[in-house]
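These notes concern the structure reproduced below.
Just so it is clear, none of the values below were taken in a lab; they were calculated from the coordinates. Since the model is a prediction, treat every value here as computed from it, not as a measurement. A quick note on method: Cβ atoms are made from the backbone with ideal geometry, for glycine too, and the neighbour counts reach across all protein chains shown.
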Amino acid sequence: MAWAVLIASGVLEAVWATALGASQGFTRRRPTVVFVVAIVVSMVGLAYAMTELPTGTAYAVWVGIGAVLTVVLAVARRQERLVPARAALLVVLIGCVVGLKAVS
């Protein structure tokens with residue numbers, strides 16, 4: 001259960017990071033509300049996962065999922081370009097997250 005919550009929290013990290021950028025310094029209401037809700041739920045989920053998983057592993061997986069999905073969202077919204085080197089590094093990051101799960 002902790003792994004499922006951790007993955008969902010990592011997804012929400014990408015949501016709040018994207019909403020933070022879209023809020024334009026908290027001047028836009030909807031992205032600001034999405035940011036606040038997503039960051040609170042994401043942190044609560046991370047805290048729960050840390051009760052059953054090692055802190056370093058949980059945090060690394062949470063950040064890894066959030067980072068990869070934030071880039072994927074930015075590419076999908078055409079805010080960033082995905083060049084081959086960046087794609088390769090994201091694949092390595094995903095491999096590291098899977099590796100952390102495998103050895104835990």
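Can you work out ³J(HN,Hα) from phi for every residue in region 13-30, in order, using Karplus 6.51 cos²θ - 1.76 cosθ + 1.60 and θ = phi - 60°, giving whole Hz and x for Gly and Pro?
5, 5, 5, 5, 5, 5, 5, 4, x, 6, 6, 6, x, 6, 9, 9, 5, 4
Amide H of Glu80: which non-local residues (sequence gap of 5 or more, or other chain) have their own amide H closer than 5 Å, using H built in the peptide plane?
Under 5 Å from the amide H of Glu80: Val75.
Charges only on Cβ, +1 for Lys and Arg, -1 for Asp and Glu: so what's the dipole of the chain about the Cα centre, in debye to the nearest 20?
It works out to roughly 480 debye.
On full extension of the chain, what length is gained from Val40 through Leu93, given 0.36 nm per residue of separation minus the C-alpha to C-alpha distance?
The span from Val40 to Leu93 would gain 16.6 nm if fully extended.
So, in Å, what gap is there between the alpha-carbon centers of region 16-31 and region 78-97?
24
Sketch the reach of a paramagnetic label on Ala102 as a point 7 Å from Cα along Cα-to-Cβ, and name the residues of region 59-82 whose backbone nitrogen lies under 20 Å away.
In region 59-82, the label zone of Ala102 (backbone N under 20 Å from the point 7 Å along Cα→Cβ) covers 59-66, 68.
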